[in-house]
Every structure is written in structure tokens, then in C-alpha cells.
Amino acid sequence: MEKVIVTNRGDLAGYVILEDFGIVSASISPSRFFTKDIIAGIRQWFGKEMKEYTQMIEKAREIVLQRMIKIAEDKGANAIVNVRFMGSSISAMSAEMMGYGTAVKVKPI
């Protein structure tokens, strides 16, 4: 199958939307690691970026995006428009990353 186009815009420049397959969403709840918490806590104490959490969030967002693309492909879509990501804390040891957008079939104008 062709590569799925992903955008946070509601439309796709140079393309026309032919079919709307509805919302696609995915989420992941990566657990934090005790040793990373200690290192991140030390960085926070000194006002530094907590790189361990930044990496975890970036990896989680990529996993969510790949899951959304798979769902869109399974529906017959070749694009996802209006993509959004949200992150939240579930517990002291876990966070959630969620993504959603609209799966569509597009063709070049």
C-alpha cells in the first residue's frame, strides 16, 4: 500500500478528499523506570531538562502514530488529517500518550 500522508491540518494542500472513514485513535501507557526517575529527579532539582522523560514521550508519540496509520490503512484510507496528540499522567509510575485524527481517502488535484 502507498504511504499514508499525515497532517495536523484539516485539509491537505494539493489533494481533494474523496472519502471520510471517521476518527482513528490510538494510545499507549508506557511505564516509567525507577532508575530513570532518579536521574530525572536529579536533573529537575538543578533545573535541567528531564531527557529521560522527553525520550519516553517522543517514543510513545511515534508508537501511537504508527498504530493510527495501521488502523487508517485497514479502513482503506491513504491519509490522516487533523491529527492531535495528548499526554497525561495516569499514576505516579505511568503516563499516557493518545493520538487521534480523521482517516480519509485523498487524490491529487
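Just to be sure, is Thr35 at pLDDT below 75 and either assigned to a helix (DSSP H, G or I) or surrounded by 11 or more Cβ atoms within 10 Å (Cβ to Cβ) (or both)? Considered against the rule, which asks whether it is at pLDDT below 75 and either assigned to a helix (DSSP H, G or I) or surrounded by 11 or more Cβ atoms within 10 Å (Cβ to Cβ) (or both), Thr35 comes out as yes. Checked against (1) surrounded by 13 or more Cβ atoms within 10 Å (Cβ to Cβ); (2) of a type outside the set (Asp, Glu); (3) at pLDDT below 90, Gly41 passes all but condition (1).
Residues of the stretch 56-105 that are of a type in the set (A, V, I, L, M, F, W, C) and in contact with a helix residue (DSSP H, G or I) (Cβ under 6 Å, 6 or more places away or on another chain): Ile80, Phe85, Met97, Ala103.
Taking the criterion of being farther than 15 Å from Asn8 by Cα and surrounded by fewer than 17 Cβ atoms within 10 Å (Cβ to Cβ), the residues of the stretch 74-103 that qualify are Asp74, Lys75, Gly76, Gly87, Ser88, Ser89, Ile90, Ser91, Ala92, Met93, Ser94, Glu96. From the list Ile23, Ile69, Ile63, Ile17, the lone residue that is within 16 Å of Lys105 (Cβ to Cβ), assigned to a helix (DSSP H, G or I), of a type in the set (Val, Ile, Thr) and at pLDDT 90 or above is Ile69.
The values are calculated or read from the model by the stated rules, or taken from the named source; none is laboratory data. None of these values were measured; they are calculated from a predicted model. FYI the Cβ positions are ideal-geometry reconstructions off the backbone, even for glycines, and counts take in every protein chain you see.
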